[in-house]
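The values are calculated or read from the model by the stated rules, or taken from the named source; none is laboratory data. The model shown is predicted, which means the values in this text are computed figures rather than measured ones. Neighbour counts run over all protein chains shown; Cβ positions are idealised from the backbone, glycine included. Ligands, DNA and RNA are stripped out before the accessible areas are found, and what is left, the full protein with its side chains, is counted by its heavy atoms. Shrake-Rupley method; radii C 1.70, N 1.55, O 1.52, S 1.80 Å.
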Amino acid sequence: MIIKLENVTKIYKIGDSYIKALDNINLEVEEGELISIMGPSGSGKSTLLSIIGCLDKPTSGKINLFGFDILKLSDKELSKIRKNYIGFIFQQFYLFNYLNALENVELITKIANKKNNKAKELLEKVGLGNRLYNLPNQLSGGQQQRVVIARALANDPKLILADEPTGNLDEKSANDVIDILKKLNKEEGKTIAIVTHDPRIAEQTERIVVIRNGKILSDNTTVDEALEL
Ligand code: ADP
Ligand code: ADP
């Protein structure tokens, strides 16, 4: 088991009001799974992903990731978990505009203090071997997202968390991105969780988890069922 959430609840406090973003979530994901998390806007998908990514903590519940009892760890230890085990992909690319593709990826491989700078190899893996020296604004949206994937792979993470990774892309680029994620799952055994509201993306994953009002409405559903919920 790579992810195990037990009775996870997240409550945000804004002024005097409380928002229950996650309501008693139970979720288990095995190593090597490719799952999508679907649900309408505001249902808690991003909150769920940031809690799994150790970017935020729940109000209550229990979380085990990679065998670690996450809520017992210090912030420093959590940062290590993120660095060593998790790759993040967001809808926004967060690339440095004044650095080329290679430098954007190198930055993270250098941050990670890896002996071999494998940034070039990672960019070749995502099909950008011929665009190493292009700045982000010289790349299409799909190509920029592939730079982001290369960057997410820099630490050789066991788990890849993608929040609407195709949200800003046209259909062709979206498919390219999903094909790369599927390949990383199949060939390298990466565990991948993709938050999406796009049924064409969700239907390409093995397992669809539907979330609504902070609750898991169904797990392992088909895309047609998910759309009817
Ligand atoms: P989704 O990703 O499905 O759109 P979110 O996880 O972003 O849903 O949000 C779930 C609920 O929590 C929403 O009602 C949202 O307004 C609220 N929320 C999310 N982040 C915060 C925050 N940092 N502070 C307060 N409320 C938040
Ligand atoms: P720390 O605070 O200890 O430096 P971070 O929260 O900054 O840890 O980093 C956590 C994870 O996010 C690491 O895997 C790191 O490689 C990645 N990361 C950090 N900065 C960026 C960035 N600008 N773009 C993409 N990934 C990043």
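Some notes on this structure:
- Restricting region 89-120 to residues that are among the aromatic types (F, W, Y) and at pLDDT 95 or above leaves a set whose member that is least open to solvent (accessible area, probe 1.4 Å) is F96.
- Scoring E206 on the criteria (1) open to solvent by 20 Å² or more (accessible area, probe 1.4 Å); (2) under 14 Å from the mean Cα position of the chain (by Cα) leaves a single failure, condition (2).
- Options Q144, Q138: the member that is away from ligand 1 (no atom under 16 Å from the Cβ) and open to solvent by less than 60 Å² (accessible area, probe 1.4 Å): Q144
- Applying a threshold of 6 Å to beta carbon distances and a minimum spacing of six or more residues, or different chains, the list of pairs starting in region 36-47 at a residue that is on the phi < 0 side of the Ramachandran plot and near ligand 1 (Cβ under 6 Å from one of its atoms) and ending at one that is open to solvent by 10 Å² or more (accessible area, probe 1.4 Å) and charged (D, E, K, R) reads S43/R212; S46/D163; T47/K10.
Per-residue answers, yes or no, for (1) within 17 Å of the chain's Cα centre (by Cα); (2) open to solvent by 30 Å² or more (accessible area, probe 1.4 Å):
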| position | (1), (2) |
| --- | --- |
| K10 | no, no |
| K13 | no, yes |
| L22 | no, no |
| E30 | yes, yes |
| S46 | yes, yes |
| F68 | no, yes |
| K72 | no, yes |
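- When residues in region 192-229 are screened for being among the polar types (S, T, N, Q), in a loop (DSSP other than H, G, I, E, B) and more than 24 Å from P157 (Cβ to Cβ), 2 of them pass.
- Check on D179, without any contact (Cβ under 8 Å) to a residue 12 or more places away in the chain, open to solvent by 70 Å² or more (accessible area, probe 1.4 Å) and within 16 Å of ligand 2 (Cβ to nearest atom): no
- In region 162-191, residue nearest to the chain's Cα centre (by Cα) [restricted to those that are assigned to a strand (DSSP E or B) and within 26 Å of N134 (Cβ to Cβ)]: A162
- As a summary of the residue check, P157 satisfies the conditions (1) in contact (Cβ under 8 Å) with a residue 40 or more places away in the chain; (2) open to solvent by less than 50 Å² (accessible area, probe 1.4 Å); (3) not aliphatic (A, V, I, L, M); (4) not in a loop (DSSP other than H, G, I, E, B) except for the one numbered (4).
- Counting only strands (runs of 3 or more DSSP E) that sit completely within region 4-100, those holding 1 or more residues that are within 16 Å of ligand 2 (Cβ to nearest atom) and under 29 Å from A150 (Cβ atoms) correspond to 60-65, 86-90.
- Contact map, region 208-225: first residue farther than 16 Å from D198 by Cα and in contact (Cβ under 8 Å) with a residue 12 or more places away in the chain, second residue among the aliphatic types (A, V, I, L, M) and outside any strand (DSSP E or B), Cβ cut-off under 9 Å, separation 6 or more or different chains; pairs are G214/L48; L217/A226; L217/L229.
- Residue under evaluation L55, criteria (1) open to solvent by 20 Å² or more (accessible area, probe 1.4 Å); (2) in contact with a helix residue (DSSP H, G or I) (Cβ under 7 Å, 6 or more places away or on another chain); (3) within 26 Å of H197 (Cα to Cα), criterion not met: (2)
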